[in-house]
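Each remark here refers to the structure printed beneath this line.
The values are calculated or read from the model by the stated rules, or taken from the named source; none is laboratory data. Keep in mind that this is a model prediction, so the values were computed, not measured. Quick reminder, even Gly has a Cβ in these numbers, built from the backbone with ideal geometry, and neighbours come from all protein chains shown. Heavy atoms of the whole protein, side chains included, go into the accessibility calculation; ligands, DNA and RNA do not. Shrake-Rupley method; radii C 1.70, N 1.55, O 1.52, S 1.80 Å.
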Amino acid sequence: MALSASLQALLDRFHAGTTTALARAISLVEDEREGFQDFMHEVLKVGPRTARVGFTGPPGAGKSSIVATLATAYRARGEDVGVVAVDPTSPFSGGALLGDRIRMNELTTDAGIFIRSMATRGSLGGLATTTKEVMDLMDAFGFARVLVESVGVGQTELEITAAADTVVVVLVPESGDAIQAMKAGLMEIADVFVVNKADRPGADRLVKEIRQAIHLRAGSALRDVPAHHGVDLSRLGGAGSARAVKERPARAEPQGWEIPVLRTVAQSGDGLPEVLEAVDRHREWLTKSGELGLRRRARARVRVQNVVDRELRRLARHTAASGGRLEHGLDAIVQGAETPYSVAREVLADLLDPEAR
Ligand SMILES: Nc1nc2c(ncn2[C@@H]2O[C@H](COP(=O)(O)OP(=O)(O)OP(=O)(O)O)[C@@H](O)[C@H]2O)c(=O)[nH]1
Ligand SMILES: [Mg+2]
């Protein structure tokens, strides 16, 4: 589909690397303005190229402090960086969940760092569809790195795996019950663990707990792996494990990556070179092992589904509204002549086969 003259002009400026064009493209997508899908289609033709790193963890863990330091380090290597910070909006505080949080927008005037803050619009944590689109835009714009920060609350942080190639989970001693965090699914998503605020008591204990949990998990994954290289692992583990092998097929665990657990003091920068190094190593492993392709495929699946869902919702609203169908239906429901189900069925029939009516 051809773009309108103004969107074509925007596309040209985007391809020329104009930062204001990136900002306008983001607004276009956020506001779902006319023609944004065709614009995205043109922009994303280059395919995914950038290294995407996600940071998640409890509120106030130091994610922004770490992201800001890493962004500066990438810049020092001559890499351009895009940053997406997802702020959970609270209906009560209007977004300011913590008074002393680092506001990344104020941190830099460097043209090589582009920062965009986004609200999750209601849901605490988690990433809106538009967050992924903004990351896609930054990718296509040509940033070497795109960093995304998102507060992890309960299960919502799982979404960050659909946005990033490498996931860094940031915990702090005072987030206390590490085992609780493990249950919340952090074990499943972390490629790198960072224990920040290591200047406070309890950091060593937390590091130990996380390491133990990683080993426990690695151990149980190993028992599930069928015999290979001539060694029957199930036999080493006795009858119980043999049954486990039979009943539970091996999960597709990424092999060959050992999850590092690093201590940092984000304020002073202690330990951050090690985080940088771990993220670099993970990138290398992703590429060599073929895992990067798998993760990009998984992400593509989610993105397609998101777009289909959104278009269906949009079409359904449009169909319901057209010809006053919904308004008539409402009166009929109030009078007891129709129900929400019968009206919805008509809307759906209209949507799926408009010719039939
Ligand atoms: N003592 C100590 N304080 C830290 C450390 N790192 C960050 N802080 C402070 O912790 C507070 C929160 O830091 P942020 O970087 O904003 O944390 P965040 O995880 O991005 O916070 P949200 O985005 O609000 O969830 C700030 O006041 C930081 O100065 C650290 O290593 N030690
Ligand atoms: Mg933050």
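Filter region 46-70 down to residues that are in contact (Cβ under 8 Å) with a residue 40 or more places away in the chain and more than 16 Å from ligand 1 (Cβ to nearest atom), then give me how many there are.
Looking only at that region, the number is 6.
I'd like the full set of residues that are over 12 Å from residue 142 (Cα atoms) and open to solvent by 20 Å² or more (accessible area, probe 1.4 Å), limited to region 43-63.
Of everything in region 43-63, those that are over 12 Å from residue 142 (Cα atoms) and open to solvent by 20 Å² or more (accessible area, probe 1.4 Å) turn out to be 45, 58, 59, 60.
Of the numbered conditions (1) loosely packed, with under 13 Cβ neighbours inside 10 Å; (2) at pLDDT 90 or above, residue 255 fails exactly one; give the number of that condition.
Among (1) loosely packed, with under 13 Cβ neighbours inside 10 Å; (2) at pLDDT 90 or above, the lone unmet condition for residue 255 is (2).
Working only within region 335-357, note down all residues that are part of a helix (DSSP H, G or I) and modelled with pLDDT under 85. Give the derivation first.
In the first step, residues of region 335-357 are kept if they are part of a helix (DSSP H, G or I); the result is 340-352, 354-356.
Scanning region 335-357 gives 354, 355, 356.
Table: residues versus (1) at pLDDT 80 or above; (2) farther than 28 Å from residue 15 by Cβ; (3) more than 12 Å from ligand 2 (Cβ to nearest atom).
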{"site": "98", "(1), (2), (3)": "no, yes, no"}
{"site": "102", "(1), (2), (3)": "no, yes, no"}
{"site": "109", "(1), (2), (3)": "no, no, yes"}
{"site": "114", "(1), (2), (3)": "yes, no, yes"}
{"site": "121", "(1), (2), (3)": "no, yes, yes"}
{"site": "128", "(1), (2), (3)": "no, no, yes"}
{"site": "137", "(1), (2), (3)": "yes, no, yes"}
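Among the residues of region 275-301, count how many are surrounded by 14 or more Cβ atoms within 10 Å (Cβ to Cβ) and either in contact with a Pro (Cβ under 7 Å, 6 or more places away or on another chain) or farther than 15 Å from residue 167 by Cα (or both).
Step one: filter region 275-301 for residues surrounded by 14 or more Cβ atoms within 10 Å (Cβ to Cβ), giving 275-276, 278-279, 281-283, 285-286, 289, 291-292, 295-296, 299.
The next check asks that each one be either in contact with a Pro (Cβ under 7 Å, 6 or more places away or on another chain) or farther than 15 Å from residue 167 by Cα (or both); those that pass are 278, 289, 291, 296.
Residues that pass the stated criteria total 4.
Hey, residue 86 hits all of (1) in a helix (DSSP H, G or I); (2) in the same structural domain as residue 137 (by TED's automatic domain parsing) but one; which does it fall short on?
Here residue 86 clears every test but (1).
If I filter region 155-165 for residues that are within 25 Å of residue 85 (Cβ to Cβ), aliphatic (A, V, I, L, M), open to solvent by 60 Å² or more (accessible area, probe 1.4 Å) and at pLDDT 60 or above, do I get at least one hit?
Step one: filter region 155-165 for residues within 25 Å of residue 85 (Cβ to Cβ), giving 155-165.
Right, trim to aliphatic (A, V, I, L, M) and you get 158, 160, 162-164.
Among the residues that remain, those that are also open to solvent by 60 Å² or more (accessible area, probe 1.4 Å) are: 158.
Add one more test, that the residue is at pLDDT 60 or above, and what stays is 158.
Yes, because at least one residue in region 155-165 is within 25 Å of residue 85 (Cβ to Cβ), aliphatic (A, V, I, L, M), open to solvent by 60 Å² or more (accessible area, probe 1.4 Å) and at pLDDT 60 or above.
Is one or more of the residues making up region 27-49 in a helix (DSSP H, G or I), closer than 21 Å to residue 150 by Cα and of a type in the set (A, V, I, L, M, F, W, C)?
To start, the set of residues in region 27-49 that are in a helix (DSSP H, G or I) comprises 27-30, 36-46.
Retained after the next criterion (residues that are closer than 21 Å to residue 150 by Cα): 27, 29-30.
Next, only the ones that are of a type in the set (A, V, I, L, M, F, W, C) stay: 29.
Among the residues of region 27-49, at least one is in a helix (DSSP H, G or I), closer than 21 Å to residue 150 by Cα and of a type in the set (A, V, I, L, M, F, W, C), which makes the answer yes.
When both residues are 6+ apart or on different chains and their Cβ atoms are under 7 Å apart, which pairs have a first residue that lies in region 261-283 and is farther than 17 Å from residue 76 by Cβ and outside the structural domain of residue 209 (by TED's automatic domain parsing), and a second that is open to solvent by less than 30 Å² (accessible area, probe 1.4 Å) and within 16 Å of ligand 1 (Cβ to nearest atom)?
Filtered contacts from region 261-283: no entries.
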